[in-house]
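Chemist: Have a look at the structure that comes next, please.
The values are calculated or read from the model by the stated rules, or taken from the named source; none is laboratory data. Every value quoted in this text rests on a predicted model; they were computed, and no experiment measured them. Cβ placement follows ideal geometry from the backbone for every residue including glycine, while neighbour counts extend to all protein chains displayed. Ligands, DNA and RNA are excluded from the accessible area calculation, which covers all protein heavy atoms including side chains. Shrake-Rupley method; radii C 1.70, N 1.55, O 1.52, S 1.80 Å.
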Amino acid sequence: MIVVTTPTGSIGHQVLIALADSDEEIRVIARDPGRLDPRLRPRVEVVQGSTTDREVVAAALKGADSVFWLVPPDPSASSVPGHVLEFVTPLCAALDEVDRVVAVSSLGRGHGRKAGQISAIFAMDALIESSGVHYRSLCPPGFMDNLLHQVDSIRDTGAFFGTITGDLPLPSCATRDIAATASRLLLDRSWTGQDSIEIRGPEDLSHHDMARIMSEVLGRPIHYRQISAADQKAALTGHGVSAAWAQGLIDMSTAVENGLYDTPRTPESYSPTGFRQWCADVLAPAVVG
């Protein structure tokens with residue numbers, strides 16, 4: 001039995017699709033089962049509720065072998081570490097029920113001080129590892145798919161925005177590669193111990209490089225515009241994001257610019273989807289839509 005959390009989210013949904021083709025029994029935790037993909041609904045057992053609820057998590061993990069764990073974002077959260085702790089505490093209380101945990105963390109483990117949401121997710125790793133459970137921490141950099149949050153701006157103004165220097169090469173990855181790695185590990189009963197797995201994408205690109213590739217794929221000029229941290233925070237809070245969450249995102253960007261992702265690229269950290277391919281497969285349809 002494999003338990004999947006966030007089954008209607010970007011990564012969790014893709015994990016569920018990959019597992020559905022296997023012979024494994026699958027159980028999901030879902031606040032609203034009506035949001036599950038109707039094609040997958042007959043394939044899964046549903047425990048309705050939140051992963052912040054100890055009783056829900058305990059019921060879902062009972063009799064399971066492995067669990068896919070992801071802390072969903074909450075831009076309204078009044079505390080970034082408090083938000084992560086709220087989600088990881090019920091898991092830690094129920095870890096005696098499972099053999100293996102696969103969770104989404106971040107690239108840069110061991111270097112994530114004052115890195116906003118990334119620092120909080122590293123604390124999640126430490127709490128899970130302290131239980132002694134067999135654990136694989138998936139460590140991606142920024143998601144290519146995060147650009148979908150700016151798809152209206154890309155479509156309407158031909159620009160996307162951020163606080164990071166435009167000519168700084170950085171790794172990025174597609175969420176589908178995170179999901180593929182997670183599903184492979186969940187189906188594999190042979191691994192033991194605790195380890196981190198980097199998922200870096202095939203190339204490092206600056207935001208200006210991304211803009212150039214987006215322009216070529218979309219057939220129209222796209223530009224990256226760097227904005228100040230103050231303007232970024234004002235824009236976020238103006239759209240209903242809490243001050244704490246907005247500051248966490250700014251701290252995260254600052255940490256990335258200061259070298260959070262500066263770890264050696266290895267063959268094991270490679271993931272296949274390049275940015276150009278992602279733009280063709282995901283961004284272009286979103287812009288047209």
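Chemist: Please list Val3, Val241 in order of solvent-accessible area, largest first, computed with a 1.4 Å probe with all protein chains present.
Modeler: Putting Val3, Val241 in descending order of accessible area: Val241, Val3.
Chemist: Then there is this: Helix 229-238 versus the longest principal axis of the chain: what angle, 0 to 90°, nearest 10, using Cα atoms?
Modeler: Helix 229-238 and the main axis of the chain meet at about 60 degrees.
Chemist: Additional query: Show the residues, 5+ positions off or on another chain, whose built amide H is closer than 5 Å to the amide H of His223.
Modeler: Ala159, Phe160
Chemist: Additional query: Compute the acute angle (0 to 90°) between the alpha-carbon long axis of helix 207-218 and the principal axis of greatest extent of the alpha-carbon atoms of the chain; round to the nearest 10°.
Modeler: 90
Chemist: Of Ser137, Leu16, Leu187, whose Cα points farthest to the positive end of the dipole of the chain (charges on the beta-carbon: +1 Lys, Arg; -1 Asp, Glu; origin at the Cα centre)?
Modeler: With unit charges placed on the Cβ atoms, the residue in question is Leu16.
Chemist: While we're looking at this one, here's another question. Taking H placed 1.01 Å from N in the peptide plane, check which residues at least 5 places from Gln194 or on another chain put their amide H under 5 Å from its amide H.
Modeler: Sorted by chain and number, the residues that satisfy this are Tyr135.
Chemist: Tabulate in residue order the Karplus-calculated ³J(HN,Hα) for segment 138-151, using 6.51 cos²θ - 1.76 cosθ + 1.60 with θ = phi - 60°, rounded to whole Hz; enter x for Gly and Pro.
Modeler: Working through the residues one at a time gives 7, 10, x, x, x, 7, 4, 5, 4, 5, 5, 5, 10, 5 Hz.
Chemist: Would you tell me the accessible area of Glu216, worked out with a 1.4 angstrom probe on the heavy atoms of the protein chains, in Å² to the nearest 10?
Modeler: That residue has around 100 Å² of solvent-accessible surface.
Chemist: Bins of 5 Å, beginning at zero and ending with the bin holding the largest distance: percent of Cα pairs per bin for segment 204-288, please.
Modeler: The distribution over segment 204-288 is 3, 12, 15, 16, 18, 22, 13, 2, 0, given as percents.
Chemist: How would Leu168, Leu147 line up by accessible area, probe 1.4 Å, largest first?
Modeler: Leu168, Leu147
Chemist: To continue, here is another question. Relative contact order (percent) for segment 1-65, with alpha-carbon contacts under 8 angstrom and 6 or more residues of separation?
Modeler: Once normalised by length, the contact order is 35 percent.
Chemist: Once you've got the GNM for the chain with C-alpha springs shorter than 10 Å, pick whichever of Ala230, Ala64, Ala244 has the biggest mean-square fluctuation.
Modeler: In the Gaussian network model the winner is Ala230.
Chemist: Still on this model: Pulled fully out, how much extra length does the chain show between Ala93 and Ser196, if you take 0.36 nm times their separation in residues and subtract their Cα-Cα distance?
Modeler: 34.9 nm
Chemist: Another question, then. Once Rh for segment 63-220 is found with the Kirkwood sum over Cα pairs, what is the Stokes-Einstein diffusion coefficient at 37 °C and 0.692 mPa s, in µm²/s?
Modeler: D, rounded to a whole number, is 189 µm²/s.
Chemist: How big, in percent, is the set of alpha carbon pairs in the chain lying more than 26 Å apart?
Modeler: 45
Chemist: Most fluctuating residue of His208, His239, His83 in a GNM of the chain with Cα springs under 10 Å: which is it?
Modeler: Ranking His208, His239, His83 by mean-square fluctuation puts His239 first.
Chemist: How would Arg43, Arg265 line up by accessible area, probe 1.4 Å, largest first?
Modeler: Sorted descending by solvent-accessible area, the residues read Arg265, Arg43.
Chemist: Using only protein heavy atoms and a 1.4 Å probe, report how much of Thr181 is accessible, in Å² to the nearest 10.
Modeler: Here the accessible area works out near 20 Å².
Chemist: Also, quick follow-up: What is the spin-label model distance, in nm, from Arg184 to Ala123 if the labels are put 7 Å beyond Cα along the C-beta direction?
Modeler: 3.2
Chemist: Still on this structure, please answer the following. In the full protein assembly as shown, how much of Lys233 is accessible to a 1.4 Å probe, in Å² to the nearest 10?
Modeler: We get 60 Å² for Lys233.
Chemist: Give a residue-ordered list of calculated ³J(HN,Hα) values for segment 89-105 (Karplus: 6.51 cos²θ - 1.76 cosθ + 1.60, θ = phi - 60°; whole Hz; x for Gly, Pro).
Modeler: Going residue by residue, I get 4, x, 5, 4, 5, 10, 5, 5, 7, 10, 8, 9, 10, 10, 10, 8, 10 Hz, with x marking Gly and Pro.
Chemist: Rank Gly201, Ile121, Ala159 by how far each Cα sits towards the positive end of the charge dipole of the chain (+1 on Lys, Arg Cβ; -1 on Asp, Glu Cβ) and give me just the farthest.
Modeler: Ala159
Chemist: Using unit Cβ charges (K, R positive; D, E negative) and no other charged atoms, how large, in debye to the nearest 20, is the dipole of segment 204-288 about its Cα centre?
Modeler: 280
Chemist: Still on this model: Quick one: pull the percent of accessible area on segment 204-288 belonging to carbon and sulfur, 1.4 Å probe, ligands and nucleic acids left out.
Modeler: Using a 1.4 Å probe with all protein chains present, segment 204-288 comes out at 56 percent carbon and sulfur.
Chemist: Please determine, in degrees from 0 to 90 and to the nearest 10, the orientation of helix 175-187 with respect to the longest principal axis defined by the Cα atoms of the chain, where the helix direction is its Cα long axis.
Modeler: The angle comes out near 20 degrees.
Chemist: Percent relative contact order of segment 55-175, based on C-alpha pairs within less than 8 angstrom and at least six residues apart?
Modeler: 24
Chemist: Can you give the relative contact order of the chain as a percent, counting alpha carbon pairs under 8 Å and 6+ residues apart?
Modeler: Over the chain, the number comes to 20 percent.
Chemist: In the Gaussian network model of the chain, springs joining C-alpha atoms below 10 Å, which of Ser183, Ser153, Ser196 carries the largest mean-square fluctuation?
Modeler: Among Ser183, Ser153, Ser196, the largest GNM mean-square fluctuation belongs to Ser153.
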